[in-house]
Every structure is written in structure tokens, then in C-alpha cells.
1. Compute, for segment 373-508, the length of the dipole vector about the Cα centre, with Cβ point charges of +1 (Lys, Arg) and -1 (Asp, Glu) only. Units Debye, rounded to 20.
2. Determine the gain in length on full extension of the stretch Thr406-Phe64; use 0.36 nm per residue of separation and subtract their C-alpha separation, reporting nm with one decimal.
3. Through the Karplus equation 6.51 cos²θ - 1.76 cosθ + 1.60, θ set to phi - 60°, convert the phi angles of segment 397-413 into ³J(HN,Hα) values in whole Hz; use x for Gly and Pro.
4. May I ask you to sort Cys629, Cys294, Cys180 by Cβ crowding, counting other Cβ atoms within 10 Å and putting the fewest first?
5. Need the full-extension length gain, Glu357 to Leu531, defined as separation in residues times 0.36 nm minus the C-alpha distance. One decimal, nm.
6. For Tyr628 paired with Ala382, estimate the spin-label separation in nm (one decimal), with each label point 7 Å from Cα along the Cα-to-Cβ line.
7. What distance in nm lies between label points placed 7 Å from Cα along the C-beta direction at Glu591 and Gln688?
8. Could you tell me the calculated FRET efficiency between Arg710 and Leu485, based on Cβ-Cβ distance and R0 = 56 angstrom, to the nearest 0.05?
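Values quoted throughout were computed directly from the atomic coordinates according to the rules given, and no laboratory measurement underlies them. Since the model is a prediction, treat every value here as computed from it, not as a measurement. Every residue, glycine as well, gets a Cβ built from its backbone with ideal geometry; the counts of neighbours run over all protein chains shown.
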Amino acid sequence: MSPTHRFSDSGVDDEVVEVLEDTGRAPASAGASAARSRPALNSAEPWRVLVVDDEADIIRSTQFSLRDVQIDGRGLLLLQATSAAEALQQLRQDPDIAVLLLDVVMETPDAGLRLVEQVRDLPERQWLRIILRTGQPGYAPELEVIRRYDINDYKTKSELTQTRLITSLTVAIRGYHQLCRIDAHQRGLEKVVAASGSLLTERGSLQSFADGVLTQILSITTGLAEGVVLIRGEMDSPAPGPAEAGLLRKPASVQASLTQGRAEVVAAAGCFSGLVGAPVSSLPEALLRALRGCDLSAGAVLDLGTNGAVLVHGHDGDELLLVLSTQQALEPETRRLLALFAINLSLAMDGIQSFRELEHFAHHDRETGLLNRAGLNRHIGAANGRSFAQVAIGELHELRGVLGETVARQALFDLGQRLVSLVGDDGVVARLQGDRFALALASPVAPGLMAGLLEALAQPLRVGQMALQLPMALGWSESAATVDLGIDEAGLMATQLAVGRQVRTASFAVAVREQVRARIALLSDLPQALLEDRIEMHLQAQVRLSDARVVGHEALVRWRRSDGRLSLPGSFISVLEHTGAVVSLGQRMIEKAVQHLRAAPQSELRISVNLSVRQLEEPDFPAWIIEYCQGQGVAQHRLRLEITESAFAQDAQQVGDALAQLTAAGFELSIDDFGTGQSSLGRLAEVQVHELKLDRSLVRGIEHDPRARRVARLIVELGRDLGVEVLAEGIETEGQLAVLRELGCALGQGWLFGRPVAAELQRG
Ligand code: C2E
Ligand code: MG
Ligand code: MG
């Protein structure tokens with residue numbers, strides 16, 4: 001390590017030469033190391049000049065000549081080296097040397113020129129100015145060397161009088177300063193561009209964004225700033241209500257907040273660090289006074305004595321005030337950079353705002369401001385023994401239609417708030433899609449909370465002076481393995497409960513999960529069952545009650561599962577109806593019935609098949625069944641079509657048209673389960689019907705329940721009036737048969753006459 005010799009500005013002889021045993025580099029500028037300034041740009045620093053000469057006398061006389069010299073208001077710090085090697089080392093370690101005053105002839109006749117060559121190869125020394133001096137005019141460097149190595153001046157030592165030395169040094173230093181400024185400006189511009197890019201990706205909190213801003217600003221101002229602080233106006237909490245985003249706080253203007261002393265420091269660095277989160281009153285009073293005294297307008301860079309400030313605007317009124325504390329007035333280049341940076345910063349703030357909104361609405365519900373499903377999931381993470389609930393609200397769609405969106409939104413908001421205040425710290429409330437709220441409670445539901453919830457849900461919702469009573473249901477799930485499962489299970493229960501005026505509640509049981517699993521397995525098995533002919537037709541006799549003579553059969557579906565068990569329709573028809581799969585099953589039953597009839601062409605017996613309303617909704621169904629019967633040579637009247645009273649009563653155009661088409665083609669219609677469904681009397685007048693099937697529930701009560709008997713009698717009489725046959729279902733006893741005969745019911749079906757049996761057996 002070679003010592004660095006530093007001349008005191010005032011000293012002239014050897015005694016005042018300080019020998020600094022440091023790392024070879026004299027102390028340079030103080031200030032933020034990350035953004036260390038070029039001393040060239042900092043007027044507080046002396047110019048650094050390296051004098052290289054193998055003659056100590058020359059160094060001393062140079063020192064003497066430059067004593068107390070100021071160039072453009074700044075002193076000189078003379079560094080010395082007595083050989084080219086030593087000089088090179090100093091230049092490597094001190095990037096801030098402005099001028100090299102270099103002797104050409106030292107250890108070798110061209111040592112100085114070789115040094116120049118090496119110096120120009122060093123990175124980032126291109127602005128260093130070089131003045132060559134030689135004692136022997138004969139060793140003049142070629143012009144070529146001067147051009148190639150960007151040498152400023154070449155003088156013989158005798159030529160360099162004190163005045164000329166100072167003149168030459170002044171020119172060199174000014175050149176250096178100029179080049180450094182241009183360079184700094186250029187770098188600043190590059191940083192502004194790069195910083196804007198990195199700020200745009202600063203997606204985290206305002207805090208990390210602000211920290212990023214300060215780092216950038218310190219580097220843009222290349223160390224001029226002693227400290228930087230970012231101030232934000234006070235935030236207004238939004239009024240509670242179902243206002244959209246709402247829940248993001250709105251900032252007030254910085255100017256107004258400053259005047260009221262209610263602004264806040266959001267980020268700080270340098271001399272202000274430690275003030276993050278503090279009120280602005282913690283800043284120096286002089287600075288605050290200066291800030292209050294000037295008109296803050298976006299983008300303009302203000303001079304506040306030695307400080308500067310710039311106001312940055314986001315599009316949505318968000319404002320940040322960037323205050324720079326410096327020891328000197330800002331240079332025009334720095335001001336321009338700051339202004340440019342402010343523009344980019346405002347764009348970045350908009351980006352951040354949009355991102356925050358996106359973030360917010362990805363996890364919150366717009367109408368109620370509560371978490372949405374994704375938000376709930378993120379918020380609670382794991383199920384961990386929690387219990388989950390779903391509230392299903394009925395008639396919401398109707399409410400929107402009758403009273404409008406605003407009222408519906410207010411009602412939902414009211415319900416959300418009610419749930420939030422009930423659950424309190426025990427859990428989280430979220431709004432799921434449409435008509436659902438979800439609750440995630442920290443533990444199993446306490447009976448008190450359950451009672452409170454039922455009570456709260458039973459109370460009408462309040463919108464202004466209106467009280468809206470919406471039907472609700474509450475489903476629960478406990479000990480689910482995951483959050484999603486818990487929410488889904490609770491939802492399943494809420495869905496299964498009919499929403500009613502009286503709030504109903506049901507808790508998820510493992511049995512329900514089994515049921516769901518079984519339904520899924522069932523649906524998945526249908527294609528294979530059709531392929532393997534496991535959809536079977538059983539036939540149950542229909543008789544004339546007067547003499548028990550068989551007049552026909554009802555075709556009843558049986559599903560042989562892959563394990564050989566036989567499933568009855570009650571366990572699968574409704575599931576298949578929900579998915580539409582009942583259509584292919586029904587088609588198979590019709591094909592089987594038609595094949596059965598076809599095998600006995602002479603028979604007078606008919607077969608009744610049960611139709612699902614989903615089949616009638618298929619546009620091609622009437623054409624298909626007509627064509628199929630014709631194709632198989634089976635007369636339509638031998639196939640009787642049973643549809644339930646509730647399906648028959650439906651006021652759907654498609655169903656009505658299909659029935660008209662079928663009767664016109666010669667099919668006979670039978671209304672199943674008559675006397676239980678909605679009143680279908682209106683339809684009876686429109687559609688031609690051949691048979692009413694007196695429902696089993698009426699037959700069951702017919703012996704002992706006078707009301708059942710009265711209804712049965714009415715139906716029998718209605719049939720007689722309309723000229724429609726009446727068939728009593730589910731006759732199990734002689735007593736029931738006797739009453740039905742007495743009432744004048746002509747036809748019947750039931751275990752008394754025979755249970756459904758497999759069609760093959762029937763044929764045999
Ligand atoms: P449904 O059309 O009213 O059929 C009569 C039901 O009563 C049959 O039940 C039959 O087995 C049963 N039953 C007959 N006599 C008696 C009796 O004396 N006592 C008692 N307790 N029950 C009796 P099953 O076969 O379980 O069918 C239930 C329902 O499933 C049927 O009611 C029908 O609505 C539907 N269904 C049956 N097969 C089909 C089909 O192929 N397609 C469609 N869409 N639905 C079908
Ligand atoms: Mg039936
Ligand atoms: Mg029936």
C-alpha cells in the first residue's frame with residue numbers, strides 16, 4: 001500500500017505535507033454513499049488535482065504557485081505522486097481527481113506518455129483532464145498522441161509561469177466540470193427512465209413504493225440531497241355505505257393538510273430518516289414555513305432557499321409532496337430531472353392505484369364491501385377446526401326486479417353489516433355470489449350465536465323507511481377438511497333447505513356428503529348402464545275393478561347397478577331430471593315398452609310409460625316417438641303416456657305444444673298422481689286426456705279418512721263428467737277396493753292385484 005500525500009491548502013513546505021496512512025484515497029465528499037456525488041458537482045468540495053513529478057522541487061513549487069487559488073469559488077486539493085506507477089494507483093482509487101498535472105520524463109523518458117495510455121484505459125476516467133509538462137523540450141509527444149489520448153495542454157516547465165499554470169488549470173477544471181455535468185444529466189435521465197420502470201413494478205404497499213422513490217431521487221440528484229421526505233395529506237375515511245370501492249381511504253390535498261398540520265411523512269431518508277409515520281410537524285419549522293408559504297402545484301419544482309420540493313399528482317387526487325433538503329440551490333439540470341421524475345412518478349402512482357383497486361376487488365365484494373370467496377380463502381387460509389355457514393337469501397332476484405338495484409344493494413349491505421356485528425371477533429363474514437353470504441367461525445358454533453343468527457336473519461332488512469322481509473335459510477358445516485369444502489358443504493345444506501319466512505337451519509352431516517358422492521357415482525354410471533342394458537323395465541298390472549281383468553301395465557324403471565343391486569326410481573329420477581340425463585333413460589323405457597308391445601301384436605293390452613317433463617321439453621321428442629312407433633308397427637293408442645299432474649299443470653308453451661302434437665298423433669294421455677299436484681283443471685279443458693290416476697295418498701286414506709274419500713269421489717265424478725277414465729293407484733286392501741268400487745272408479749293398480757315384475761317374466 002502506498003501512502004497518499006496530501007497538501008494542506010495553506011502549507012508550502014514539507015512540514016505541512018500530511019501523510020495519510022489510509023487506503024490510498026483521500027477523503028472525498030461526505031453524504032449518502034449510494035448516491036455519492038461527483039465533487040465536480042458539489043460546490044462544497046475542493047477540486048482534486050494530482051501532481052505527478054519525480055522531482056520534489058517541482059511539486060513544491062507547484063504547490064506554492066497554487067497556494068490559496070480558488071477556481072470558480074472552490075479551492076484546490078493537491079495530491080502528489082512521484083512516479084507513474086504511484087500515480088496510476090492513486091487514479092485507480094480516486095475517481096474524483098479532476099486534473100492530472102503530469103511530467104512526461106520520469107523513470108523512463110516516456111513514462112508520462114505510457115501513464116496517459118493506461119489512464120485512458122481505466123473505466124470512468126474519460127472526463128479527467130490532463131496537462132503534460134516536460135523539462136526537456138526535445139521529448140515532445142507526437143501530435144498523434146495528444147489527439148488520441150485527449151490531452152488538454154502541453155507545456156514545458158519553463159513556459160508554465162504561475163499565471164499560465166493557473167490559467168491552464170482553470171481551463172482544464174472548467175472543461176472537467178462541464179463534462180461531469182453533462183454526464184450527470186445524462187445518467188440522471190437514464191435513471192429517471194429506469195426508475196419509472198421499477199416504480200411501476202413496485203406493486204406492494206405505498207411504503208415500499210415510497211422507499212423506492214427516495215432511493216431513486218437520491219441517486220438522480222447525485223448526492224446533492226442531504227435528505228428526502230415524502231409527505232402525504234391526511235386520509236379521509238369513507239362514509240359507511242354500499243359505496244363502490246369505498247373501502248380504500250381517500251387522501252386530502254397535501255396543501256390543505258399542511259396548513260392544518262395534518263399531513264404525514266410516508267417515507268424518509270438521509271437527514272430525515274426516522275420520521276416515517278410521523279406528523280409533518282416533526283420536520284424543521286423553517287422548512288414547513290417555506291412549504292406553507294408557497295403555492296404547491298403539480299410538477300413545478302419549488303426553490304425553498306436551500307431546499308426544493310415538487311408535488312406529484314395521481315389521477316384520482318392522490319398527492320405526494322417530495323421535499324429535498326440540500327445545502328445549495330438546485331442546479332437547473334437537477335430541477336429539470338426532478339420535474340421529469342415527478343411526471344413519471346405520477347404515472348407510477350396511477351399504476352399503483354389501479355393495481356390496488358384490482359387487488360381490492362379481487363378479494364372484496366363491490367356491493368357490500370365484505371370479502372368475497374377468494375378473499376375469505378386468503379384471509380383464513382386453513383380450515384383448522386372452524387365451522388362454516390352459508391346464508392341463502394330467497395327472492396333477491398324478484399326484489400331487484402320490483403324495487404330496483406339500489407334498494408337490493410342497500411338490503412344486502414344491511415344484511416352484511418348485521419352479520420358482521422353479530423359474528424364480531426369470532427369469525428369472518430364474506431359475500432359469495434348473488435344471494436349468498438358465508439361465515440367462517442373460529443370454532444364450532446356456540447348455541448348462543450346460532451340463536452342470535454336466527455334472530456338476526458328473521459328481522460326484516462332495513463332500507464330507508466322500508467322493511468323488507470326476505471326468506472332465508474342457514475346451512476352449516478363443521479370439521480370440514482378445507483375452507484372450500486366447509487363453504488361448499490354449508491352451501492349445500494342452505495340450498496337443500498327451502499328458504500322460507502321462518503328461517504330454517506341445517507347442519508352438514510357426513511351422510512349428506514355420502515349422498516352427494518352416491519349421486520355423482522350414479523350419474524357417472526348411466527352411459528355404461530345403457531350400454532350394458534342395466535336399465536330394466538318392470539311391469540305392474542292395471543285392472544278393471546269390477547272383475548279384476550288386466551287391461552294393461554305400467555312400465556316402471558329399475559336400474560341394476562354394476563354390483564347387481566336394483567335401484568328404484570325414487571332414488572335416481574330427480575337426480576337425472578336435474579341434469580337432463582332422464583331424457584335418454586326415458587327414451588330407453590319407451591323403446592323397451594314398444595318392443596314389448598311389438599312382440600304381442602294381437603294383444604289388446606296397453607302399456608303406460610312415465611314421461612318426465614324434460615322429455616316433453618325436447619323439441620324433437622314428439623316427432624321421434626311418433627316415428628319410432630310407426631317404424632316398429634305399434635299403434636300409438638297401445639302406448640299410454642303418463643305425466644304427473646304438476647308437469648301437466650305447467651304453463652309452458654313447449655310442453656303444451658308437445659302434448660297437443662302427441663294427442664293429435666293418437667297417443668293417449670294419463671295424468672299421474674292426480675289430486676296432489678297443482679290444480680290442472682284449466683289444462684283439462686284444453687288438452688285431450690284419457691285417464692286420471694287417483695293418487696296413492698288418496699287411496700290410502702279412502703277407508704277411514706272422510707276428506708280423502710270426498711276428494712276421491714269428486715275426481716271420479718270429474719272423470720265421469722269429462723268422459724275420462726279414472727284409475728286408482730296403490731290399492732293394497734280389499735277394503736280400499738270395496739270403497740273404490742262403491743264410488744264408481746272403474747280401473748285400479750296395486751299390490752292387491754300384483755307387484756311390478758320384470759318385463760321378461762311378464763312375457764313368460
Ligand atoms: P308412479 O308413476 O306413480 O308409479 C307408481 C309407483 O307406485 C311405483 O313405484 C310402484 O311400484 C308403486 N306402487 C304400485 N302399487 C303400489 C302399492 O299397492 N303400494 C305401494 N306402496 N306402492 C305401489 P316406483 O316403481 O318406485 O316408481 C316411483 C315413481 O317413479 C313413479 O311413480 C314414477 O313417477 C317414477 N317412474 C317410474 N318409472 C319411470 C320412468 O320410466 N320414467 C320416469 N320419468 N319416471 C318413472
Ligand atoms: Mg306412473
Ligand atoms: Mg302415480
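1. Rounded to the nearest 20 debye, it is 200 debye.
2. Result for the pair: 114.3 nm of gain on full extension.
3. The phi angles translate into 4, 4, 4, 4, x, 7, 10, x, 4, 4, 5, 4, 5, 5, 5, 5, 4 Hz.
4. Lowest to highest Cβ neighbour count: Cys294, Cys180, Cys629.
5. Details: separation 174, 0.36 × 174 = 62.64 nm, distance 5.36 nm.
57.3 nm is the gain from fully extending Glu357 to Leu531.
6. Between Tyr628 and Ala382, the label points sit 5.5 nm apart.
7. Inter-label distance under the simple model: 3.0 nm.
8. 0.65
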